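Some notes on the structure that comes next.
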Amino acid sequence: MMERTPAILVVGSINMDLVLQTERAPLAGESFIGREYGYVPGGKGANQAVAAARLGADVTFVGKIGADAHGTKLKERLQEQGISTESLTVDQGSQTGLAVIMVEASGQNRIIVYPGANMAIGERDVERAFERPYDAVMTNLEIPQPIVVEVCRRAREKGIPVVLDAGPAQPFDLGQVPGLEILTPNETETLALVGRECGTAEEAEAAAQALAAASGARFVVIKMGRQGALLYDEGTARLLPAFDVEAVDTTAAGDAFTAAVTVHYLRHGDLARAVQYANAAGALAVTRLGAQPSLPTADEVKQFARERDIDL
Ligand code: RIB
């Protein structure tokens, strides 16, 4: 059966990632010899846009790049995925966003982001993007907070469901974005938003409750890494366990997850299944190096599920 092609608007960040592989991160004051490095397309918004496109959505991306070679390359990479980039514009006064990412042998990463042009997204960019209809809007906190608020306001006005990926971790008043369909932070983002740890399923449930109360979101999905994801729906919590894979690099696994949960939910309307699908997409992303190169296609997720005898 032909699957439906949901139309998704992503308003978010786009960065060039400088990825350096190393046995371990240096200690303070220590110089340490790394292994390999490369420039890889990334940025939470762009990663989520690419992930959604690879999973079969029709994606429009709104963002800002600088007038530099990184920006040009990043835009081309999105276009290669069939993503509409008319609203990905150049801010002459800024450099394209850059993320410096250290990837340790364990697959653990450390990221420093220079946001650059991402901080120049304006209300006019958002207004233009909403001239077309969409099945959902995805946004994240790697762009100015007032823009996130404006995106959510416009979507609410038009009755378009919003999925808010709450990364990167920072304090943000969730009361500014009422009516979210799905709020999906990870553990550190949850701590920044509601001051709650998610070490155990019980703690995560209490945190999800606090997130739901603060935001009024219909669903809260906490990404808990190796443990899986906690789905909180009208007072009921379920921990959907992660798939066990060999970690190469965890970068963008959360972005793959957010995009996958959105695409699957729009197609089938069952959030628990969508979370399992997203667990599979996130697991595949963890097995590969880099942000956008690691994002799986719909066929790859299907194959992953087939190998494990599960119906996604
Ligand atoms: O979520 C992963 C992303 O975070 C990286 O691609 C990097 O650009 C930072 O934005």
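The values are calculated or read from the model by the stated rules, or taken from the named source; none is laboratory data. This one's a predicted model, so the numbers in the text were calculated from it and none came from an experiment. Don't worry about glycine lacking a Cβ; one is built from the backbone with ideal geometry, like all the others, and counts go over all protein chains shown.
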If we scan the stretch 226-233, do we find a residue that is out of contact with any strand residue (DSSP E or B) (no Cβ under 6 Å at 6 or more places or on another chain), away from the ligand (no atom under 16 Å from the Cβ) and assigned to a loop (DSSP other than H, G, I, E, B)? no
What is the one condition in (1) over 17 Å from the mean Cα position of the chain (by Cα); (2) away from the ligand (no atom under 14 Å from the Cβ); (3) aliphatic (A, V, I, L, M) that residue 62 does not satisfy? (1)
In the stretch 79-97, is there at least one residue being more than 21 Å from residue 296 (Cβ to Cβ), touching a residue at least 60 places away in the same chain (Cβ under 8 Å) and among the hydrophobic types (A, V, I, L, M, F, W, C)? yes
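Output yes when any residue across the stretch 142-149 is within 12 Å of the ligand (Cβ to nearest atom) and either closer than 17 Å to residue 294 by Cα or part of a helix (DSSP H, G or I) (or both), and no when none is. Steps first, answer last, please.
Filtering the stretch 142-149 for residues within 12 Å of the ligand (Cβ to nearest atom) gives 142-143.
Okay, now just the ones that are also either closer than 17 Å to residue 294 by Cα or part of a helix (DSSP H, G or I) (or both), so none.
No, the stretch 142-149 contains no residue that is within 12 Å of the ligand (Cβ to nearest atom) and either closer than 17 Å to residue 294 by Cα or part of a helix (DSSP H, G or I) (or both).
Quick one: is residue 113 in a strand (DSSP E or B) and in contact (Cβ under 8 Å) with a residue 60 or more places away in the chain?
Values: in a strand (DSSP E or B): yes; in contact (Cβ under 8 Å) with a residue 60 or more places away in the chain: yes.
Yes.
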Answer yes or no: is there a residue in the stretch 25-46 that is touching an Asp or Glu at 6+ places or on another chain (Cβ under 6 Å), within 12 Å of the ligand (Cβ to nearest atom) and among the charged types (D, E, K, R). yes
So which of 155, 136, 105 is at pLDDT below 95 and more than 16 Å from the ligand (Cβ to nearest atom)? 105
Every listed condition ((1) farther than 23 Å from residue 107 by Cα; (2) in contact with a Cys (Cβ under 6 Å, 6 or more places away or on another chain)) holds for residue 232 save (2)
